[in-house]
1. Looking only at region 77-98, count how many residues are touching a residue at least 40 places away in the same chain (Cβ under 8 Å) and either farther than 19 Å from residue 111 by Cα or basic (Lys, Arg) (or both).
2. With respect to the numbered conditions (1) crowded, with 18+ Cβ neighbours inside 10 Å; (2) hydrophobic (A, V, I, L, M, F, W, C); (3) in contact with a His (Cβ under 9 Å, 6 or more places away or on another chain), which one is the sole condition not fulfilled by residue 131?
3. Would you tally the residues in region 37-81 being in contact with a helix residue (DSSP H, G or I) (Cβ under 9 Å, 6 or more places away or on another chain) and at pLDDT 95 or above?
4. Can you tell me how many residues within region 64-84 are loosely packed, with under 13 Cβ neighbours inside 10 Å and more than 10 Å from the ligand (Cβ to nearest atom)?
5. Suppose we filter region 101-134 for residues that are part of a loop (DSSP other than H, G, I, E, B), within 13 Å of the ligand (Cβ to nearest atom) and more than 25 Å from residue 33 (Cβ to Cβ); how many remain?
6. Right, residue 89: more than 13 Å from the ligand (Cβ to nearest atom), surrounded by 13 or more Cβ atoms within 10 Å (Cβ to Cβ) and not basic (Lys, Arg) or not?
7. Being assigned to a strand (DSSP E or B) and in contact with a Gly (Cβ under 8 Å, 6 or more places away or on another chain), is that true of even one residue in region 7-18?
8. Test residue 12 against the criterion of being small (Gly, Ala, Ser) and over 17 Å from the mean Cα position of the chain (by Cα), and give yes or no.
Amino acid sequence: MNLSHIEHLGIAVKSIAESLPYYENILGLKCYSIEEVADQKVKTAFFKIGQTKIELLEPTSDDSAVAKFIEKRGEGIHHIAFAVADGVANALGEMAEKGVKLIDAAPRRGAEGLNIAFLHPKSTCSVLTELCENPNK
Ligand code: CMX
């Protein structure tokens, strides 16, 4: 498996609207996209820093994974996403062979049209981990 860079950091927030002033007015970043990912029950907001992004995650339903996370741990860093140069499907096969617990057994479509899959934090030193690839590159 070949990880090329950190694609994004996912940060759980109660409200994107209330978090934006910090990222835009204090850090000076520009939110370039706000997108709802219906099947994950989240609204996302993206900022670019070099080739890495920050993804704010606001739950759109009380039963979303992110709502559960905020209830248990409060707002904060939710996951790290690595870009995989040689494909998410290959990486998942390799991970499964090495005994890593997969949340997604096969790549699925995530925010920004990326192919993504999550690994379980119980197998990844307690850091929820996402693998991503851009199908258009
Ligand atoms: N980071 C680290 N550990 C986490 C975690 C996170 N983000 N979320 C949950 N955990 C831990 C919990 O603390 C708990 O640990 P303990 O058993 O030691 O208390 C354990 O994982 C189980 O947590 P839970 O609250 O019982 O939650 P579930 O098992 O129902 O779900 C998880 C946990 C990770 C499987 C689920 O959140 C998931 O499937 N996540 C992947 C999808 C996702 O996060 N989607 C939102 C983002 C979508 C996007 O970026 O587009």
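The values are calculated or read from the model by the stated rules, or taken from the named source; none is laboratory data. Bear in mind the structure is a predicted one, so any value in this text is a computation, not a measurement. Neighbour counts run over all protein chains shown; Cβ positions are idealised from the backbone, glycine included.
1. Residues flagged as touching a residue at least 40 places away in the same chain (Cβ under 8 Å) and either farther than 19 Å from residue 111 by Cα or basic (Lys, Arg) (or both) within region 77-98 amount to 5.
2. (3)
3. So the count comes out to 24.
4. 1
5. Residues that pass the stated criteria total 6.
6. So residue 89 fits the description; yes.
7. yes
8. Details: small (Gly, Ala, Ser): yes; over 17 Å from the mean Cα position of the chain (by Cα): no.
Here the answer is no, as residue 12 does not meet what is asked.
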